[in-house]
Amino acid sequence: MELDSKLAILADAAKYDASCASSGAMRGNSLDGKGVGSTGGAGICHSYTPDGRCISLLKVLLTNLCIYDCHYCINRRSSNVRRAAFTAEEVVKLTLDFYKRNYIEGLFLSSGIIRNADYTMEQVIAVARTLREIHDFRGYIHLKTIPEASPELIETAARYADRISINLELPTQKSLDVLAPEKSIVRTRHAMGRIRNKLDEAHERRKGGDKKVRHATGQSTQVIVGADSSTDADFLAQSDDLYGNYKMRRVYYSAFSPIPEPSSILPIKAPPLIREHRLYQADWLMRFYGFKTTEILSPETPNLDLELDPKLAWALRNRQDFPVDIQTASREILLRVPGLGVRNVERILNIRRFTRIRLADLMRLRVSLPKVQPFLKTADHNPSAYLLDADSLRARFLPKPQQLELFAADEMR
Amino acid sequence: MKCVDPGENFASWRDAARCLLEENVPPREVLWEKAGGLFSAARVEPPSSPRLKVPAAFVGLAESVSCHREPSRWALLYQILWRVVRGGERHLLSIASDPDMAKARTLEKNVHREIHKMHAFVRFKLIDTDAANGRERYAAWFEPEHFIVEAGAPFFKKRFANMDWSIFTPKGCVHWNGTLLTLTPGIPSNPVENPDALEAAWRVYYRSIFNPARLKVKMMQTEMPKRYWKNLPEADLIEELIGNSKHRVTNMLAEEPRPVKPRPKNAYLDKLRELTAEESL
Ligand code: SF4
């Protein structure tokens, strides 16, 4: 098979994995090496496809042959998709060729399961090893690992990679039993726990002054949203646990997407993109805004409001806490004001040491006045009580119907 | 009114600004104008006296703002400098909502963003390979909005230390030969017209990694504005991918569900089954 045909099949096979990050690697470059590559800092998106997703890494499967039968997946054994397999050399060459043209930050390599977990893992590792050891490649490598692979192999992968991941896919074993019968939450979590320990060890060694440690700096995972009946509260509770106990760098939420080879077990439908977006927003609130999952969702309302962002929805439920005074409110409180992001809160804290803040100041910080006004007191503005009491407050923030479709930015304000 | 030539970059503007500060010339009496402009601008001799104390944060800001193409940037910087040094507004740099500071931060942001986009959207093409030592030579054409080539270059040096490369732009060019980073004046048009052999594969990748069921065109365009498209080998696929996406999704939704194939005989799969059964006990 032509290389281009393989690339088409094996990139298509990999595109349902949402992870694209190339950030958080150790700082390094090729000035004292033989090959190409540098890492460190925020990572770069070298292109964007019309699905709004960033292309940062060459994201491919080594092969889309797979003995597992995950019904949301185009590569499952029951699918009639065309199969292909790269040789290790082919992936190595593509990675280097793309990298040298500045198309990518590095490689994200995953694979269908062939024969068994260890055998597959060894194939994936061979690519990374060749890149690092033969070509002295210093770019970013993300390797997908398999929970059932031996811990030694996973650790070898971690030594060549900057990031490793295992996808949790679905939040309960009950869902996995139906939709991904070969997978197990228990085994996945065990593997994640072992990875976390190894990551911690490497971190300690670096802190101890061993600058040469070549080891991944983080792990991430992905869950599929909308394939089973799990609620947003289920997802967020799970993420909370993953961030806290497994030190996940990121939990990716991937709206269950139609595939050209649908399974009779799992009818396909349009992907719930807004739900996915809201989950990311809620995830940000937990990680950067000091919100607890129980504040965002309750047992009575286990799903996020699709029409309003979760911070605004929280503020509307907690009107009694507003308005707050921009001049005196604490950092934690300001972070909870709809329309104020982390950056602007930092700025406001700075500014107010020297001057009284007015609405015009907020405008110059590019804060959306209509959004913050009901919740903030400034030197020249005190929201009238009726603004906060009125039932129309929610109505005021509801998006125009057609805007829902276009909701795009992953960023949270 | 005093006409002063800011020169080309931060260093030349800084020398001029220092002189003006020493002579106590307030911002409203300075017209920043390139020599040869309408008024005859004076090139200012660098001051002889010891350096003025300027907050480090201002230097960083001024270095970035200097790269902006906005002609009023020099006056804006002098205005801020004046307020800090002569006006006693020592904390001005912390007041992001001050009108002058807000303007300056916007310019700074534009410049940082353009540097970032240079790192993202420069596309190298292989020119030749040295037969003797195998060293490859690459070149790229990029059209930045601001004067960011020098600021953006060290990234490429670190990343591509072991290949020779040139980045050509209308606003300055930069070259690396393995030991030395050299800057040369900008050129008006792309000297490397021929496509690179790898562009075909890159386009295959771009096409295949796109998911038609998740169309978010606006999001793509905010991050990759149209003005960059003409130098991106993948960008002429965008229209077609958007155009076909609806049709592709409709087809997917209309597909007959595939039956589940029986489990193959495989000892490994049997073991997984046993494990899962044990776990659920
Ligand atoms: S293991 Fe499951 S998700 Fe992974 S490729 Fe195979 S079928 Fe797809």
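Taking chain A as a Gaussian network, where each spring joins two C-alpha atoms under 10 Å apart, which residue of A:G341, A:G244, A:G43 fluctuates the most?
A:G244
Once every Cα of region A:280-392 carries one equal point scatterer and solvent is ignored, give the base-10 log of I(q)/I(0) from the Debye formula at q = 0.15, 0.17 Å⁻¹, two decimals.
Those come out to -0.65, -0.83, one per q.
Accessible area per residue, 1.4 Å probe, Å², for region A:310-397: what's the number?
Heavy-atom SASA per residue in region A:310-397 reads 48 Å².
Comparing the chain by itself with all protein chains present, which residues of region A:230-278 are at least 40 Å² less accessible (probe 1.4 Å)?
Going by heavy-atom accessible area, the residues of region A:230-278 that drop by at least 40 Å² are A:P258, A:P260, A:P262, A:S264, A:L273.
When the Karplus curve 6.51 cos²θ - 1.76 cosθ + 1.60 is applied with θ = phi - 60°, which whole-Hz ³J(HN,Hα) does each residue of region A:163-169 get, with x for Gly and Pro?
9, 10, 8, 10, 8, 6, 6
Taking only Cα atoms, what is the 0 to 90° angle, nearest 10, from helix B:73-85's long axis to the longest principal axis of chain B?
It works out to around 70 degrees.
Of the accessible area of chain A, with the probe set at 1.4 angstrom, what percent is carbon plus sulfur?
That fraction is 53 percent.
Can you give the translational diffusion coefficient of region B:2-116 in µm²/s, computed by Stokes-Einstein from the Kirkwood radius over Cα pairs at 37 °C and 0.692 mPa s?
Approximately 229 µm²/s, per Stokes-Einstein.
Read phi for every residue in region A:366-373 and hand back ³J(HN,Hα) as whole Hz from Karplus 6.51 cos²θ - 1.76 cosθ + 1.60, θ = phi - 60°, with x for Gly and Pro.
6, 7, 6, 4, x, 6, 8, 3
So in the protein assembly as shown, which Cys have no other cysteine's beta-carbon sitting under 4.7 angstrom from theirs?
By the Cβ distance rule, which asks for a partner under 4.7 Å, the isolated cysteines are A:C20, A:C66, B:C3, B:C19, B:C67, B:C173.
Considering amide H positions built from the backbone, and no H for Pro or chain starts, which residues 5 or more places from B:W141, or on another chain, come under 5 Å of its amide H?
When sequence neighbours closer than 5 places are left aside, the close amide H contacts are B:R123, B:F168.
Please report, in Å, the Rg and the Dmax of chain B, where both are computed over Cα atoms only.
27.6, 90
How big is the charge dipole of the protein assembly as shown about its Cα centre, in debye rounded to the nearest 20, if each Lys and Arg gets +1 on its Cβ and each Asp and Glu gets -1 on its Cβ?
With only Lys, Arg, Asp and Glu charged at Cβ, the dipole is about 1000 debye.
Normalise the Cα radius of gyration of region B:122-184 by 2.2 N^0.38 Å (N = residues in it) and let me know the number.
1.09
Add -39500 (n - 2.57) for each DSSP H run of 4 or more in the protein assembly as shown, then divide by its residues: what number comes out at 222 nm, to the nearest 500 deg cm²/dmol?
One gets -12000 deg cm²/dmol as the mean residue ellipticity at 222 nm.
Which of the residues in region A:78-122 show a loss of at least 40 Å² in accessible area from their chain by itself to the complete set of protein chains, at a probe of 1.4 Å?
Correct list: A:S78, A:F98, A:K100, A:R101, A:N102, A:Y103.
In this model, which of A:K59/B:K218; A:K144/B:K109; A:K371/B:K246; B:K158/B:K216 are farther than 25 Å apart at the alpha-carbon?
A:K144/B:K109; A:K371/B:K246; B:K158/B:K216
Using every pair of alpha-carbon atoms in the protein assembly as shown, split the distances into 10 Å bins beginning at 0 and state the percent of pairs per bin, rounded to integers.
3, 13, 21, 24, 21, 13, 5, 1, 0, 0
Please identify, among A:F354, A:F86, A:F256, the residue showing maximal mean-square fluctuation in a Gaussian network model of chain A using a 10 angstrom Cα cutoff.
Per the Cα network of chain A with a 10 Å cutoff, A:F354 tops the list.
Would you pull out the residues with amide H under 5 Å of A:L58's amide H, same chain only if 5 or more places away, H placed 1.01 Å from N?
Amide H to amide H, under 5 Å and 5 or more residues apart or across chains, A:L58 pairs with A:E105, A:G106, A:L107, A:F108.
Along region B:96-112, what does the Karplus equation 6.51 cos²θ - 1.76 cosθ + 1.60 (θ = phi - 60°) give for ³J(HN,Hα), rounded to whole Hz, x for Gly and Pro?
So the J values, rounded to whole Hz, are 4, 9, 5, x, 5, 5, 4, 4, 4, 5, 5, 4, 4, 5, 4, 5, 4.
With the calculation restricted to Cα positions, what are the radius of gyration and Dmax of region A:117-162 in angstrom?
Rg, Dmax (Cα atoms, Å): 10.1, 30.
Residues of region B:132-146 losing 10 Å² or more of accessible area relative to the isolated chain, 1.4 Å probe, heavy atoms only?
B:E136, B:Y138
Where the eigenvalues come from the Cα gyration tensor of chain A, what are the semi-axes √(5λ) of the equivalent ellipsoid, largest first, in whole Å?
41, 26, 19
Keeping every protein chain present and rolling a 1.4 Å probe, give me the accessible area per residue for chain B in Å².
52
Using only Cα atoms, find the angle between the long axis of helix B:56-66 and the longest principal axis of chain B, and express it within 0 to 90 degrees, rounded to the nearest 10.
80
Gaussian network model of chain B, Cα springs within a sub-10 Å range: biggest mean-square fluctuation belongs to which of B:H247, B:H68, B:H119?
Comparing B:H247, B:H68, B:H119 in a Gaussian network model of chain B, the most mobile one is B:H247.
Tell me the carbon and sulfur percent of the accessible area for region B:122-184, rounded to whole percent, probe radius 1.4 Å.
Solvent-exposed carbon and sulfur of region B:122-184 make up 51 percent of the total.
With both bridge residues required to lie in chain B, what share of the DSSP beta bridges run antiparallel, to the nearest 5%?
Expressed as a percentage, antiparallel bridges in chain B total about 55.
So if I take the centroid of the Cα atoms in region A:78-151 and the same for region B:173-219, what is the distance between those two points in Å?
What the calculation gives is 24 Å, centre to centre.
Name the residue from A:I104, B:M1, B:C173 whose Cα lies farthest towards the positive end of the charge dipole of the protein assembly as shown, charges +1 on Cβ of Lys and Arg and -1 on Cβ of Asp and Glu.
B:M1
Can you give me the span-like helices of chain A, meaning DSSP H runs with 27 Å or more of Cα extent along the axis and Kyte-Doolittle mean at or above -0.5?
none
If you take the accessible area of B alone plus A alone and subtract the pair, what total do you get in square angstrom, rounded to 100, with a 1.4 Å probe?
Approximately 7100 Å² gets buried when B meets A.
Are there trypsin sites (Lys or Arg not before Pro) in region A:260-301 that DSSP marks as loop and that have at most 16 other Cβ atoms within 10 Å, and which are they?
Here the trypsin sites (Lys or Arg not before Pro) that fit, given the DSSP loop and packing criteria, are A:K269, A:K292.
The values are calculated or read from the model by the stated rules, or taken from the named source; none is laboratory data. These numbers come from a predicted model, not from an experiment. Cβ: placed from backbone, ideal geometry, glycine included. Neighbour counts: every protein chain shown. Accessible surface areas use protein heavy atoms only, side chains included; no ligands, DNA or RNA. Shrake-Rupley method; radii C 1.70, N 1.55, O 1.52, S 1.80 Å.
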